[in-house]
Amino acid sequence: MKNANLLLESTITLLNTINSMLKETYTIEEYQHLKVKYGNVASWAIWNENNHKDTLIIEENIGLLNSRYVGVALNISNPVKEWSNFRGTHCRKLEQAFNKTSIRGFYLTDVLKNIVEKNSSVILKKIKSNEIKIESHIASFIEEMKDVKITEETIFLTFGYLANELFTKHLKQIYPNNKVIKLKHYSARGTDKEWVKLAIEKIGI
């Protein structure tokens, strides 16, 4: 009897998860609002296998876009256009890890918006000197999360040491019930296969 109850509970949990995945997170109007407001600073974990820079695939798959997971990096290393963030050379690792999984389509963004810098140590110095006013970026991030409709079930994936440190220091208290999974930055040394394997194991997908 106990085993039967456990099986029933597991089945119900699975069905609820499937139903949640099948339900579209955003209407066309909501998507358009996000594109206008965040298109030049964020993106979604969905890629065209033949052209990872292609962003049309996002608009062609609005029904797959979701905030069940939110990937959080530090900042852009080069200026980006509409939804073209997270589509650079090293982002092939993100594509390999997530594009063919059940969490495909999750939201991707940075803690710091419109800060173009490749060296994270420079970012840290500017934060400490208050040249980068971290409070305003945190406030913008919180507003962004409301717009993408995160819930207490949303799982944050932080990419890299400093992104995780800033999230832990300034944002974890805002989202105390949300799980946070720390991942190596996708530009870190090592093979694509190693990064992908470790990410998938940590997330459990």
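Take the conditions (1) surrounded by 10 or more Cβ atoms within 10 Å (Cβ to Cβ); (2) at pLDDT 70 or above; (3) of a type outside the set (Asp, Glu); Asn50 misses just one of them, which is (1).
For Ile174, the conditions (1) out of contact with any helix residue (DSSP H, G or I) (no Cβ under 8 Å at 6 or more places or on another chain); (2) exposed (fewer than 13 other Cβ atoms within 10 Å of the Cβ); (3) not small (Gly, Ala, Ser) are fulfilled apart from (1). Number of residues in the range 95-144 that are among the small types (Gly, Ala, Ser) and either within 16 Å of the chain's Cα centre (by Cα) or within 24 Å of Glu59 (Cα to Cα) (or both) equals 4. The single residue among Asp192, Asp147 that is within 20 Å of Ile46 (Cα to Cα), of a type outside the set (Phe, Trp, Tyr) and more than 16 Å from the chain's Cα centre (by Cα) turns out to be Asp192. Selection within the range 121-158: residues that are of a type in the set (A, V, I, L, M, F, W, C) and touching a Ser or Thr at 6+ places or on another chain (Cβ under 9 Å). The member of this set that is surrounded by the fewest Cβ atoms within 10 Å (Cβ to Cβ) is Ile150. In the range 161-173, the residues that are small (Gly, Ala, Ser) reach residues that are in a helix (DSSP H, G or I) with C-beta atoms within less than 9 angstrom, at least six apart or across chains, in these pairs: Ala163/Ser120. Condition first: in contact with a Leu (Cβ under 8 Å, 6 or more places away or on another chain) and not hydroxyl-bearing (Ser, Thr, Tyr). Can you find one or more residues in the range 167-174 that meet it? Within the range 167-174, not a single residue is in contact with a Leu (Cβ under 8 Å, 6 or more places away or on another chain) and not hydroxyl-bearing (Ser, Thr, Tyr). Residues of the range 78-103 that are surrounded by 17 or more Cβ atoms within 10 Å (Cβ to Cβ) and hydroxyl-bearing (Ser, Thr, Tyr): Ser84 alone. Thr27 meets each of the listed conditions (1) crowded, with 17+ Cβ neighbours inside 10 Å; (2) out of contact with any Ser or Thr (no Cβ under 9 Å at 6 or more places or on another chain) apart from (1).
The values are calculated or read from the model by the stated rules, or taken from the named source; none is laboratory data. Here the structure is a predicted model, which is why all the values come from computation and not from measurement. FYI the Cβ positions are ideal-geometry reconstructions off the backbone, even for glycines, and counts take in every protein chain you see.
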